[in-house]
Amino acid sequence: MEIDEVRGDFKPEIIPKETQGDIDDYEEALHVLMKFIGSMSSALEQVSGRGANAIVYQAGKRMGHEAGKLMEKTDDIEKALGEMGDILGKEFYFEMWKPSDQEGYTTENNGETSVKLLFMDCVVRQALRRTGLPQKGPLCYLLYGYMVGAVEEVMDIKGKLDIDHFGPNACLKTLTIKWGGK
Amino acid sequence: MVKIKVDEDACVGCGSCVEDCPNDVYELDKEHGKTVVVKEEDCMACLSCHEICPSQALEHNDIHVAKRLYIDRKVNRALNKII
């Protein structure tokens with residue numbers, strides 16, 4: 001295979017002006033990363049078994065807490081989710097979802113508030129499909145941890161996220177928050 | 001608003017979509033042995049039914065189609081030369 005080598009002069013720079021790559025390079029890098037991450041996930045599962053989920057969850061939760069620090073603190077779950085949508089961006093595009101016979105997006109049960117989230121675009125799902133791995137495995141716990149971490153940081157509560165259903169085009173998750181602090 | 005079409009000529013009435021759908025969007029019409037859409041408004045367009053349908057009898061219109069960056073265009077180009 002012939003490589004288009006970029007040759008030129010280079011000086012240290014504070015803000016790089018060029019990425020030295022076009023869309024094909026980005027695509028290639030993305031696919032390599034997807035393969036790496038898929039391979040790491042299956043190896044982690046092979047070595048640690050169900051502990052793999054906890055490790056990835058913890059990594060996601062840490063990222064979520066970091067992201068949550070950039071957000072405005074609020075007690076309003078819908079506002080918090082709106083802000084999280086902005087931070088997660090297009091690559092983890094989600095919306096609140098409810099069955100047609102339910103009035104509002106949130107439901108209350110035994111001092112807990114639940115809201116269903118429909119994740120439509122998800123890089124994790126894409127990485128799993130790229131490497132032929134099943135959904136709801138350790139990698140899905142990254143987003144699980146991320147959401148919980150961010151919600152805990154923004155609302156100062158304890159939260160959990162359950163995967164209700166996963167599909168090739170969207171995944172439904174339930175975010176449950178327990179009021180009364182951590 | 002999601003619109004679902006079932007190709008009645010293709011549907012084999014296996015009921016896989018009925019079992020797989022988490023929101024009970026489909027029911028099996030036992031008389032005709034075909035799937036019918038009964039709760040279209042509850043469809044969240046996860047497309048699990050597309051994946052499980054052995055005869056590709058389902059079509060969803062007006063849905064958010066998730067990005068498919070996992071598709072390797074180089075592989076597709078090579079396949080297109082053969083298929």
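The values are calculated or read from the model by the stated rules, or taken from the named source; none is laboratory data. Since the model is a prediction, treat every value here as computed from it, not as a measurement. Heads up, the Cβs are rebuilt from the backbone with ideal geometry, glycines too, and the neighbour counts pull from every protein chain shown. Areas reflect the complete protein model, heavy atoms only, side chains present, ligands, DNA and RNA absent. Shrake-Rupley method; radii C 1.70, N 1.55, O 1.52, S 1.80 Å.
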Within the stretch A:16-34, considering residues that are among the acidic types (Asp, Glu) and within 17 Å of residue A:127 (Cα to Cα), the one nearest to the other protein chains (Cβ to nearest Cβ): A:27
- request: Please indicate, with yes or no, whether at least one residue in the stretch A:26-33 is surrounded by 15 or more Cβ atoms within 10 Å (Cβ to Cβ), touching a residue at least 12 places away in the same chain (Cβ under 8 Å) and touching a strand residue (DSSP E or B) at 6+ places or on another chain (Cβ under 7 Å).
  value: no
- request: Return a yes/no flag: does the stretch A:47-54 have any residue that is over 19 Å from the mean Cα position of the chain (by Cα), away from every other protein chain (no Cβ under 14 Å), loosely packed, with under 12 Cβ neighbours inside 10 Å and in a helix (DSSP H, G or I).
  value: yes
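Residues in the stretch B:12-27 that are in contact with a strand residue (DSSP E or B) (Cβ under 8 Å, 6 or more places away or on another chain), more than 17 Å from residue B:61 (Cβ to Cβ) and not in a helix (DSSP H, G or I): how many?
Filtering the stretch B:12-27 down to residues in contact with a strand residue (DSSP E or B) (Cβ under 8 Å, 6 or more places away or on another chain) leaves B:13, B:15, B:17-18, B:22, B:25-27.
Those still in the list that are more than 17 Å from residue B:61 (Cβ to Cβ) too: B:13, B:15, B:18, B:22, B:27.
Imposing the further condition that a residue be not in a helix (DSSP H, G or I) reduces the set to B:13, B:15, B:22, B:27.
Residues meeting the conditions: 4.
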Cross-chain or 6+ apart pairs with Cβ under 6 Å, the stretch A:80-92 first and among the aromatic types (Phe, Trp, Tyr), then part of a helix (DSSP H, G or I) and open to solvent by 40 Å² or more (accessible area, probe 1.4 Å): none
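Check whether at least one residue in the stretch A:157-179 is of a type in the set (Lys, Arg), within 14 Å of chain B (Cβ to nearest Cβ) and in contact (Cβ under 8 Å) with a residue 40 or more places away in the chain, and report yes or no.
Our first condition is that a residue be of a type in the set (Lys, Arg); within the stretch A:157-179, this holds for A:158, A:160, A:173, A:178.
From what's left, within 14 Å of chain B (Cβ to nearest Cβ): A:173.
Filter once more, keeping what is in contact (Cβ under 8 Å) with a residue 40 or more places away in the chain: A:173.
Within the stretch A:157-179 (the criterion being of a type in the set (Lys, Arg), within 14 Å of chain B (Cβ to nearest Cβ) and in contact (Cβ under 8 Å) with a residue 40 or more places away in the chain), the answer is yes, since at least one residue qualifies.
Tell me, please, whether a residue that is β-branched (Val, Ile, Thr) and under 16 Å from the mean Cα position of the chain (by Cα) can be found in the stretch A:173-181.
yes
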task: May I ask you to list the residues in the stretch A:93-117 that are within 11 Å of another protein chain (Cβ to nearest Cβ) and surrounded by 15 or more Cβ atoms within 10 Å (Cβ to Cβ)?
output: A:93, A:94, A:95, A:97, A:98, A:116, A:117
statement: Restricting the stretch B:47-69 to residues that are open to solvent by less than 50 Å² (accessible area, probe 1.4 Å) and assigned to a loop (DSSP other than H, G, I, E, B), the one farthest from residue B:18 (Cα to Cα) turns out to be B:66
task: Can you work out which of the residues in the stretch A:35-46 that are open to solvent by less than 80 Å² (accessible area, probe 1.4 Å) and touching a residue at least 60 places away in the same chain (Cβ under 8 Å) is farthest from the other protein chains (Cβ to nearest Cβ)?
output: A:44
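Would the stretch A:135-156 turn up any residue that is open to solvent by less than 50 Å² (accessible area, probe 1.4 Å) and either polar (S, T, N, Q) or within 11 Å of another protein chain (Cβ to nearest Cβ) (or both)? Working first, answer last.
Within the stretch A:135-156, the subset open to solvent by less than 50 Å² (accessible area, probe 1.4 Å) is A:135, A:137-140, A:142-155.
Then drop every residue that is not either polar (S, T, N, Q) or within 11 Å of another protein chain (Cβ to nearest Cβ) (or both), which leaves A:135.
Yes: one or more hits.
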message: I'd like the residue in the stretch A:9-21 that is open to solvent by less than 100 Å² (accessible area, probe 1.4 Å) and at pLDDT below 80 and, out of all such residues, is farthest from residue B:74 (Cα to Cα).
response: A:16
field: Sole exception among (1) under 14 Å from the mean Cα position of the chain (by Cα); (2) over 21 Å from residue A:95 (Cα atoms) for residue B:73, by number
entry: (1)
message: exposed (fewer than 14 other Cβ atoms within 10 Å of the Cβ) and within 13 Å of another protein chain (Cβ to nearest Cβ): which single residue out of B:25, B:75 fits that description?
response: B:75
- prompt: Of the conditions (1) open to solvent by 30 Å² or more (accessible area, probe 1.4 Å); (2) within 12 Å of chain A (Cβ to nearest Cβ); (3) within 22 Å of residue A:164 (Cα to Cα), residue B:44 fails just one. Which one is it?
  reply: (1)
message: For the condition in contact with a strand residue (DSSP E or B) (Cβ under 6 Å, 6 or more places away or on another chain) and at pLDDT below 85, what is the one hit in A:116, A:90, A:178, A:160?
response: A:178
